[in-house]
Amino acid sequence: MTKEQNLRSIGERAVLGPKRTRKELAEIAREIEKARRKGVYVMDDEERTAVARGVLEQARRGEFVSDEKMDGFLEKEIRRIVRL
């Protein structure tokens, strides 16, 4: 499904779907618009939990760099930026 088709499908559900679906989609749209105006998006508890789970899974898989490697990277970048 293309992005356009997906948006049309969501739009149809927003107009023609059950009251609960319409209400939920309207609330999501309001949150997105509010975040765009403020430039900040505030996650709800469910989203925070999902992010925390993802981070823990990444840590279990060893997908993070060590503190030493990060310190070395930051040190090099700071020196590079200061020289600019």
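The values are calculated or read from the model by the stated rules, or taken from the named source; none is laboratory data. Please read all numbers here as calculations on a predicted model, not as lab measurements. All Cβ positions, even for glycine, are placed from backbone atoms using ideal geometry, and neighbour counts span all protein chains on display.
Restricting the stretch 25-44 to residues that are of a type outside the set (A, V, I, L, M) and farther than 24 Å from A14 by Cα leaves a set whose member that is surrounded by the fewest Cβ atoms within 10 Å (Cβ to Cβ) is G39. Pairing each residue of the stretch 63-84 that is surrounded by 10 or more Cβ atoms within 10 Å (Cβ to Cβ) and assigned to a helix (DSSP H, G or I) with any residue that is at pLDDT 90 or above and among the hydroxyl-bearing types (S, T, Y), provided the two are 6+ apart or on different chains, yields no C-beta distance under 9 Å.
Looking at R8, is it in a helix (DSSP H, G or I) and surrounded by 11 or more Cβ atoms within 10 Å (Cβ to Cβ)? Yes; evaluated as a whole, the condition is true for this residue. When the stretch 12-22 is filtered for residues that are within 24 Å of E47 (Cα to Cα) and surrounded by 12 or more Cβ atoms within 10 Å (Cβ to Cβ), the ones remaining, listed by number, are R13, A14, T21, R22.
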